[in-house]
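Remarks on the structure that follows.
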Amino acid sequence: MMALRSNKGVVANAALLAAILVHNLSYPLSTASGPWPAVFYLFYASIFVAGTWALSSDRVLRLLATATGAAVLVAGLANSYAPGPQVALAVFATSIAYHLVMGVALVRYTFSARTVMSDVVLAATSLYLVIGSGFAAILALIEWLAPGSFVASSGAAITWQQMVYYSYVTLTTVGYGDITPVGSYAQAIASFEAVLGVLYTVVLLSRLVGMYASAPKDGS
């Protein structure tokens with residue numbers, strides 16, 4: 001029975017991780033013309049809903065995922081086909097809530113596990129990516145509230161795609177320097193994300209090692 005649950009967990013987490021990677025790589029579709037923004041937001045609004053329902057039996061969490069997913073879809077379509085400042089704000093706010101729900105589901109799944117198995121590693125990887133894209137929405141919200149909080153070395157305007165890029169560069173502490181936070185809130189959140197990225201790796205590794213060390217060994 002344990003093996004059966006593990007196999008289901010591996011399939012669910014592998015599918016979620018693949019969907020997140022596709023989502024992150026397909027962001028340019030959200031600003032394309034024609035039906036592509038609708039395709040993008042339909043996919044975006046479904047992956048965390050499906051992921052939460054697959055990984056959590058919590059009814060409240062499932063309802064929150066469904067509600068925030070629907071809100072993201074409506075806000076995203078409105079922003080793509082009838083853009084405006086207030087609609088952009090709705091996209092950022094709903095995306096933050098949407099990522100938060102998925103993050104909670106993945107944290108519970110990853111850190112409540114008692115043994116180190118492939119599904120836990122996959123869930124932890126997905127959580128790392130969710131943190132990065134979630135912070136992109138937070139940083140974009142800061143730029144919306146205080147324009148000019150981020151400056152690109154090229155002088156170009158900061159777009160949503162650039163925020164996603166900057167968020168992952170910050171989370172992984174690569175720091176290319178082509179986008180710079182100059183506002184006080186932008187600097188605070190960017191530095192917090194960088195610290196979180198490092199601490200997440202340390203905490204996760206210690207957790208996985210601890211679970212492996214405490215697992216019963218064959219023949220013992």
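Where a number appears in this text, it was derived from the coordinates with a stated rule and is not lab data. All of these numbers come straight from a predicted model, not from anything done at the bench. Virtual Cβ from ideal backbone geometry, glycine too; neighbours counted across all protein chains shown.
The table that follows gives values for the structure above.
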| quantity | calculated |
| --- | --- |
| Failed condition for Thr159, given (1) closer than 22 Å to Ala93 by Cα; (2) free of Cβ contacts under 8 Å to residues at least 60 places away in the same chain | (2) |
| Inter-residue pairs, beta-carbon under 8 Å, first under 18 Å from Ala137 (Cβ atoms) and in the stretch 41-58, second not aromatic (Phe, Trp, Tyr) and not in a helix (DSSP H, G or I), 6+ apart | Phe43/Ser26 |
| Pair list, Cβ < 6 Å and 6+ apart or interchain, from the stretch 103-126 residues that are among the acidic types (Asp, Glu) to residues that are crowded, with 18+ Cβ neighbours inside 10 Å | Asp119/Gly9; Asp119/Asn13 |
| Positions within the stretch 180-213 being surrounded by fewer than 15 Cβ atoms within 10 Å (Cβ to Cβ) and assigned to a loop (DSSP other than H, G, I, E, B), in sequence order | Val182 |
| Some residue of the stretch 103-111 being of a type in the set (Phe, Trp, Tyr) and more than 13 Å from the chain's Cα centre (by Cα) | yes |
| Any hit, the stretch 50-57, residues being in a loop (DSSP other than H, G, I, E, B) and hydrophobic (A, V, I, L, M, F, W, C) | no |
| Residue pairs meeting the criteria (Cβ under 8 Å; at least 6 apart or on separate chains; first more than 13 Å from Ala140 (Cα to Cα), in the stretch 168-194; second of a type in the set (Lys, Arg) and part of a loop (DSSP other than H, G, I, E, B)) | none |
| Check on Pro37, in a helix (DSSP H, G or I) and either surrounded by fewer than 15 Cβ atoms within 10 Å (Cβ to Cβ) or without any contact (Cβ under 8 Å) to a residue 12 or more places away in the chain (or both) | no |
